[in-house]
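Written below as structure tokens is the structure these notes are about.
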Amino acid sequence: MDRIFAKLSYEMEKKLDTVLVTIIADNGSTPRGAGSQMLVGSEGRILGSIGGGAVEARAEQMARDLLEKKISCCHLFQLHEKSADDLGMVCGGNVKVLFQYIPGTSVYWTKLAQTIMDRISHRKAGWLILKTDGSAPGLVDGNGTEIMGEEVPGSVTRNGWIPFQGKDYFCLPLPIGERAFIFGCGHCGQALASLLHTVGFRVTVFDERTEYANDEYFPTAERIIVGDYTKLADYISFTEDDYVVIMTSGHSYDMEVQDQVLRGDFAYVGVIGSRRKTAAVNLKLRERGVPEEAISRVHTPVGISIKAVTPEEIAVSIAGEMIYVRALRREATGVVSHGCPMH
């Protein structure tokens, strides 16, 4: 969404009309799920994707037609062979798409795009409220308090339909990203931090060594901490939504970090190392009184088993596992963003 609205803002600076294309409902197997977006201009797709293939090509053409007519609409694409709207796709599902016409001279849309980009850049939670009748959308903060727009729902909890005063709305969270903490700034930490940034995690790295924990090695990190592994609370307050990867320069440091992290809330903890090391560390954690339930939630050896060897391959393995856990957590709240390509 951040790149979409940055590009929208740029197009509006040039006074160019656009159409924002958003999947607002999906059923069955589909290439992309609800919340997927693309921006279309007079020359075709500008940025984003709603799944590629025939459905995206048809949506792009529809958007260009609507651009000429200066109107918005909703359309249901049926991804079934020989359906009434046969696209030659046999995924087996349906997607409902909102085509939102945006005048290039709209002061409201200009302000909305700028506000959304500002909130995302400052990691402020919020929800974009798209109105399925094509009228101007609204924006609320993480508590549901109105920022922009009229007659927007006062309570928002997840992606989905919100019936409100006889109208339908689709609520889309601003992508501020989940926090990921990497303990250990060696080769694997460097490769992982870079990769996690590209898939939407907000990365903090932590190490006691200034020669490793610096901007040169971690240009995309949101925060770089040089500190004491035994006193994490002096630097960090963990939450139940945080992801932690432990790959320090020594087993004793790994255990110190685990001891502290596992006594609080977290979404994911992964620890690098062999099964033998894991058994030894877990024994000491139990002796220290770390809850068994917390120990059992640790992903170790960390990552998906893909026979990774190099730091870059190990980073792919760990990032894949984190993406999977993130998807499961989102699904638990009713947010499903994957489709048929990757089950």
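Under a crude label model (7 Å from the Cα following the beta-carbon direction), how far is His251 from Lys70 in nanometres?
7.3
Quick one: angle between helix 53-69 and the longest Cα principal axis of the chain, in degrees between 0 and 90, rounded to 10, please.
50
To the nearest 0.05, how large is the calculated FRET efficiency for Glu293 and Lys231 if R₀ is 41 Å and r is the Cβ-Cβ distance?
E(calc), rounded to 0.05, equals 0.95.
Give the aspartates and glutamates reachable from Lys231 as a straight Cα distance under 15 Å; neighbours fewer than 8 places away on the same chain don't count.
Correct list for Lys231: Asp207, Glu208, Asp254, Glu256, Asp259.
Quote to one decimal, in nm, the extra length available between His187 and Ser42 on full extension: 0.36 nm per residue of separation minus the C-alpha distance between them.
Working: separation 145, 0.36 × 145 = 52.20 nm, distance 4.57 nm.
Length gained between His187 and Ser42: 47.6 nm.
Please enumerate, by chain and number, the lysines with C-alpha under 19 Å from the C-alpha of Lys277, excluding those fewer than 8 residues away in the same chain.
Lys307
Can you pick out the pairs among Lys14/Lys70; Lys15/Lys70; Lys70/Lys131; Lys14/Lys131; Lys14/Lys124 whose Cα atoms lie more than 22 Å from each other?
Lys14/Lys131; Lys14/Lys124
Work out how much length Lys307 to Asp241 would gain on full extension: take 0.36 nm times their residue separation and subtract the Cα-Cα distance, in nm to one decimal.
Full extension of this stretch gives 20.9 nm more.
At each listed q (0.09, 0.13, 0.15 Å⁻¹), what is the log10 of I(q)/I(0) that the Debye formula gives for the range 174-308 modelled as equal alpha-carbon point scatterers?
Taken in order of the listed q values, log10 I(q)/I(0) reads -0.24, -0.51, -0.69.
Reachable aspartates and glutamates from Lys7, Cα under 13 Å, same-chain residues fewer than 8 places away excluded?
In chain and number order, the partners are Asp17.
Can you tell me, using C-alpha contacts under 8 Å and at least 6 residues apart, the relative contact order of the chain as a whole percent?
Result for the chain is 13 percent.
No value in this document is a laboratory result; all are computed from the given coordinates. If you're wondering where the values come from, they're calculated on a predicted model, not measured in any experiment. Positions of Cβ are generated from backbone atoms using ideal geometry, with glycine treated the same way; all protein chains shown enter the neighbour counts.
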